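Structure first, then comments.
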Amino acid sequence: MQPNGHGDQQPNIVVVDDEEMVVTSIRAFLTLETEYNIHGFTEPERAVQHLELNPVDVVISDYLMPKLNGIQFLSKARQLQPEAARVLLTGHADKQSAIQAINEVGLFQYLEKPWDNSQLLLIIQSAIERATLFRSLRDKISELDSAHSSLKNVQTRLLRAFL
Amino acid sequence: MSDPAAAAGPEQELEATRRNLAEAHKMASLGRLAAGIVHEINTPVGSILSNNETIRRSLESVRKLLGAAVEQGQPPTARTLAVLDTLASLTDIDKIACERILAIIRGLKTFARVNESDLQKINIHEVILNTIKLTNCVFRRRVTVVTEFDEGLPEVECYPGLLNQVFLNLVVNAAQAIPNEGTVTIRTAMEEDRAHIAISDTGTGIPESLRPRIFSAGFTTKPIGEGTGLGLTITREIVEDTHGGRISFETETGVGTTFHVWIPLRQPRSQERV
């Protein structure tokens, strides 16, 4: 598995919650249990800046946050890094916001607080796999495109040679 | 007839009905805050549960690492010490999380005082602060609540459960009047023999055409499910009819609204009123 297409680099996980305690808890859990790089933010705007500059595999976001709510933030994340899997972690069991999130931001998973660490880890693992598959698919498509254009060139040259 | 309310006379019956209505409205108001309160409790609970699981698993690995170090006669590795530091930081988070939950529960407990029929001398600032703890669950992301208390304000003799309802109604109204982000300021002061509480918002203000109707029963500008149209009616009754105080407001469109409440520090003896 090659997250981010950067060789042996570990997967990058972004965690956004305006509650410092949630970011700290998830960061501590993932740091102790995995080798992932965890980037935690309490302000979604800062997380957007991070996404503009750094490749990310999974984005986990709270829903209720000031200025930018979880859906608005994940929508920006989708624009910036469409292949990164998006997970909404919310304490607000609101079906409408969940449906909105699934439809508007192509949500990978919806998780309610209080969350279960094992479940969170499973979701992150499948999210990384999904992001990796997407990247691999993109690379294959790009390889196919380039092979296709090489073939086209060969075909053009052959046609020129015979005509 | 054995009905005590009927035996007590129409005024007492009216007062009892008024209390029941205020109580029902208080529960309805709390119900509307419930989703926000659940969110505010779920966040620290989520952290505590996650931390507990992390600490439990990490303690096991720390025990093994320390065991291995002892066997080899070596000091604990840097990694072991780093894990212990992380675990210590998680217990700090747990303490903060528990305090957050306790604060919300304290706020709720104040509201759980059902129909207190006895007058009590209370610190009105505590009632206001408990109200803010609950309203913050819903509004804190867009509304900042500022308090400017007169620390010399003596205890006020009142029906605390009913005054809770007054402050809850006024703070919720103030926050809802603010379309995006803004501030609600709560000031207290001593004025002669009354406590003066002013609740100001930086909201849209009340349009002139609606001002004469705001205390009328059944009048609301809120969407269905958000308002009963009874909040300010009940608030006025609790302040003026039950406590012999006064309520008024000043408002400017586009600038905000301030509600003023005056509550006498001492009530006429309970048997004269109830």
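The values are calculated or read from the model by the stated rules, or taken from the named source; none is laboratory data. This structure is a prediction, so every number in the text was calculated from the model and none was measured. Every residue, glycine as well, gets a Cβ built from its backbone with ideal geometry; the counts of neighbours run over all protein chains shown. These accessible areas exclude ligands, DNA and RNA; they are computed on the full protein's heavy atoms, side chains included. Shrake-Rupley method; radii C 1.70, N 1.55, O 1.52, S 1.80 Å.
Scanning the range B:48-82 for residues that are among the charged types (D, E, K, R) and surrounded by 16 or more Cβ atoms within 10 Å (Cβ to Cβ) gives a single hit, B:GLU53.
Within the range A:22-50, residues that are away from every other protein chain (no Cβ under 12 Å) have Cβ atoms under 9 Å from residues that are aliphatic (A, V, I, L, M) and open to solvent by 60 Å² or more (accessible area, probe 1.4 Å) in these pairs: A:VAL48/A:LEU80, counting only partners at least 6 apart in sequence or on another chain.
Considering the range B:183-209, and only residues there that are modelled with pLDDT under 95 and either within 14 Å of chain A (Cβ to nearest Cβ) or closer than 22 Å to A:LYS67 by Cβ (or both), the residue that is most open to solvent (accessible area, probe 1.4 Å) turns out to be B:THR204. Reported count of residues in the range A:8-18, each being within 9 Å of chain B (Cβ to nearest Cβ) and crowded, with 23+ Cβ neighbours inside 10 Å, is 1. Scanning the range A:51-71 for residues that are closer than 19 Å to B:VAL138 by Cβ and within 14 Å of chain B (Cβ to nearest Cβ) gives A:ASP62, A:TYR63, A:LEU64, A:MET65, A:PRO66, A:LYS67, A:LEU68, A:ASN69, A:GLY70. Scanning the range B:142-158 for residues that are in contact with a helix residue (DSSP H, G or I) (Cβ under 9 Å, 6 or more places away or on another chain), of a type outside the set (Asp, Glu) and part of a loop (DSSP other than H, G, I, E, B) yields a total of 3. Restrict the check to the range A:19-38 and report whether at least one residue is under 19 Å from A:LEU120 (Cβ atoms), out of contact with any Ser or Thr (no Cβ under 6 Å at 6 or more places or on another chain), among the polar types (S, T, N, Q) and in a helix (DSSP H, G or I). Among the residues of the range A:19-38, at least one is under 19 Å from A:LEU120 (Cβ atoms), out of contact with any Ser or Thr (no Cβ under 6 Å at 6 or more places or on another chain), among the polar types (S, T, N, Q) and in a helix (DSSP H, G or I), which makes the answer yes. For A:ILE124, the conditions (1) within 19 Å of the chain's Cα centre (by Cα); (2) open to solvent by 60 Å² or more (accessible area, probe 1.4 Å) all hold with the exception of (2). Only one entry in B:GLY231, B:GLY225, B:GLY218 is open to solvent by less than 20 Å² (accessible area, probe 1.4 Å) and at pLDDT below 80, namely B:GLY231.
Here is the figure for the range B:105-126: residues that are at pLDDT below 90 and either not in a loop (DSSP other than H, G, I, E, B) or not charged (D, E, K, R) (or both) total 13.
Looking across the range B:44-69 at every residue that is touching a residue at least 24 places away in the same chain (Cβ under 8 Å) and within 7 Å of chain A (Cβ to nearest Cβ), the one that is nearest to B:VAL138 (Cα to Cα) is identified as B:PRO44.
Only residues that are over 14 Å from the mean Cα position of the chain (by Cα), closer than 28 Å to B:MET27 by Cβ and among the hydrophobic types (A, V, I, L, M, F, W, C) were counted in the range B:150-163, giving 2. Looking across B:ALA28, B:ALA34, B:ALA88, one residue alone is assigned to a helix (DSSP H, G or I), surrounded by fewer than 18 Cβ atoms within 10 Å (Cβ to Cβ) and modelled with pLDDT under 80. It is B:ALA28.
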